[in-house]
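Have a look at the structure below before the remarks.
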Amino acid sequence: MNRRQFINLILGGGALGCLASAVYPVLRYMMPPEQVEADPDSIKVGSTKDFPAGSSKIFKFGRKPVIVIRDLKGGFHALTATCTHLDCIVQYQKENDIVWCACHNGKYDLSGKNVSGPPPRPLDRFEVKVSGDEVAVVRTA
Amino acid sequence: MKTLYDAGLDWLDERLQVRKAMEWASHKSVPVHQGSFFYYAGGVCLFIFGLQVFTGILLLMYYRVGADSSYESVRYISSKVAYGWLIRSVHSWAANIMVLFVFIHMFSVFLMKAFRKPRELTWVTGCALLGLTMAFGFSGYLLPWNELAFFATKVGTDIIGQVPAAGPWLLKFVRGGEEVTGATLSRFFGLHVAVLPALLSLTVGIHLAFVQIQGMAHEKEAPKTMPFFPNFFLRDAVLWLLVLNAIAILAVFFPWELGRKADALASAPAGIKPEWYFLAQYQFLKLLPARILLIPGELWGIIVLNGAGVLWLLAPFWEAALPDSMKDGAVKLVGWGGIAGLAAMTLWGHLS
Ligand code: HEM
Ligand code: FES
């Protein structure tokens, strides 16, 4: 290596290092910090009177929305409310007794299974515990 | 006696050689032929961008970004501020018309084969301008923080999350977190009012510089040409005035809706659809089954749509490599096929 090559190497390496030391913190800055919010194991969602047959409501379960459905026969179901396709929020369609996503016409049955349209996976299920007239949604193990 | 005009010009000329620039400009000319009408489309894009900068800055005087204030401030603009509804409607309508003209301009230069050597880089910068304009539309659409915008952004960004390996990282980067929240709104706002205006201005500057350096395609073969100053420029100005009037009429008779405020715990409303310029992609994604050969449908969608985009971007290069006898036919086929395909998918998306 001659003198010129040596100086070019030092200068080039210095310039690269200088650039990297500026780019790295900027990239890290743009990634938001982790959310340290523990997801609960269960939430209370109200009394049975709040859920007439053929109705549904959406609640926040930790960071994710959960849809609580009371079907026409009076049975309770709780599922994640975010569509497994592209993240829209689903709704209960009482006429057909299914869970429907308006964004691209995805359909699930009340157990969360994807039955038609683009959704690739079933919705996660939660357990619904009714004690007295109090309704609670519980994470399944 | 020298007129004031000449005196002023002399003053500038002594310092900045403006007569040289004027002399150069006087030689600028535009070919006249059947398709000349389409030469105005690019100018209309430029004009509308100026209009967007102007109305955008006006909106900034009252708009307050934030999950608790965006919706409220846009409602304030359209219900309380004098002519606020007009400024907002003009900005929203002009955004749509701008996208339309970018498409018209792009397909017309494609079909006129103006992308051929030596104008490959002009074509590439033009494709970048399309991307930037659509990014403007997508980011601006979220800013009122209403229900439709919320779900459009959820779906649009979730698609980015499907990219293999880097997906989850990219998703978090774009959304400013796992979900679409006020953090996403802040990011989109910064993009919409600072990053994109700077990038678009720069890219337009480069695009126009290339056009100046190379002149118009087909100038030599054209039977006639027209001087740019003042003949073409005045025609440009008349069309801009017409476009401005059309936008004003749309804004007055079809004021832009605000809808309901975004709510992270509300179901997506029935009949939800993206803006018309994303409808073709939307319809395409809707048609894909959950899985094809074990690979998720969305991934296929991303691969096919991006592949088509890359082929379009590289059109001047693959077209040049075709045998001479096929070149013209290929341009016709791809150009008209592209227009017909996009129009059909858009219409289908609109009707279904
Ligand atoms: C420097 C340029 C620009 C600035 C400063 C700007 C600023 C703004 C602001 C403050 C808003 C929020 C107010 C509102 O939602 O009504 C907005 C909304 C919007 N912008 Fe821009 N903008 C610019 C350029 C553009 C361009 C070039 C486009 C499209 C090609 C565009 C498309 C939109 C759209 C679609 C909305 C949503 C309108 C609505 O529903 O209210 N903007 N812009
Ligand atoms: S997001 Fe639910 S079907 Fe596409």
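The values are calculated or read from the model by the stated rules, or taken from the named source; none is laboratory data. Treat the numbers as computed from the prediction; the structure is a model and nothing was measured. No Cβ is skipped: glycine too gets one built from the backbone with ideal geometry, and neighbour counts run over all protein chains shown. The accessibility values were calculated without ligands, DNA or RNA, using every heavy atom of the protein model including side chains. Shrake-Rupley method; radii C 1.70, N 1.55, O 1.52, S 1.80 Å.
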Study note, to complete from the structure: Expressed as a percent, the accessible surface of the range A:42-138 that is carbon or sulfur, using a 1.4 Å probe and the full set of protein chains, is 47 percent
Check your understanding: With all protein chains present, how much of the accessible area of the range B:178-237 (probe radius 1.4 Å) comes from carbon and sulfur, to the nearest whole percent?
Key -> 71 percent
Exercise for review: Could you tell me the total accessible area buried at the A-B interface, probe 1.4 Å, in square angstrom to the nearest hundred?
Suggested key: 2400 Å²
Check your understanding: How about the range B:140-241: which GluC sites (Glu not before Pro) there lie in a loop by DSSP and see at most 11 other Cβ atoms within 10 Å?
Key -> B:GLU221
Study note, to complete from the structure: Expressed in square angstrom to the nearest 10, the accessible area of A:CYS18 with a 1.4 Å probe stands at 90 Å²
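What's the Kirkwood radius of the range A:42-138 in Å, using all Cα pairs?
Values: mean 1/r = 0.0756 Å⁻¹.
Its Kirkwood hydrodynamic radius stands at 13.2 Å.
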**Study point:** Nearest-10 value in Å² for the accessible area of B:PHE233, using the 1.4 Å probe
**Key:** 80 Å²
**Study point:** Dimensionless Rg over Rh [the protein assembly as shown; C-alpha; Kirkwood]
**Key:** 1.05
Practice item. Sort the following peptides by mean Cβ neighbour count (other Cβ atoms within 10 Å, averaged over residues), highest first: B:184-197, B:285-298. Key: B:184-197, B:285-298
**Study point:** Rounded FRET efficiency, nearest 0.05, which uses the C-beta distance separating B:ALA343 from B:TRP318 and R0 of 35 Å
**Key:** 0.90
Practice item. Over the Cα atoms of the range B:42-108, compute the convex hull volume and normalise it per residue, giving Å³. Key: 78 Å³
Point to revise | Those residues of the range B:160-186 whose amide nitrogen sits under 11 Å from the label point placed on A:MET30, 7 Å along Cα→Cβ | key: B:170, B:173-174
**Study point:** Inter-part distance where the range B:264-328 and the range A:89-130 are each reduced to a Cα centre, Å
**Key:** 27 Å
Review point. With each label point set 7 Å from Cα along the Cα-Cβ vector, what nm distance links B:LEU333 and B:PHE253?
Key: 4.3 nm
Review point. Between B:LEU100 and B:TRP276, what is the label-to-label distance in nm when each label sits 7 Å out along the Cα-to-Cβ direction?
Key: 0.5 nm
Review point. Tell me, what is the percent relative contact order of chain B, built from C-alpha pairs under 8 Å that lie six or more residues apart?
Key: 26 percent
**Study point:** Label-to-label distance, nm, for residues given as A:SER55 and B:VAL238 (7 Å Cα→Cβ offset)
**Key:** 6.5 nm
Practice item. Just read off the accessible area of A:GLU95 with the full protein assembly in place, 1.4 Å probe, to the nearest 10 Å². Key: 140 Å²
Study note, to complete from the structure: The extension gain from B:ALA183 to B:LEU16, computed as 0.36 nm times the residue separation minus the Cα-Cα distance, is 55.3 nm
Review point. Per residue, how much accessible area does chain B show when a 1.4 Å probe rolls over the protein heavy atoms, in square angstrom?
Key: 54 Å²
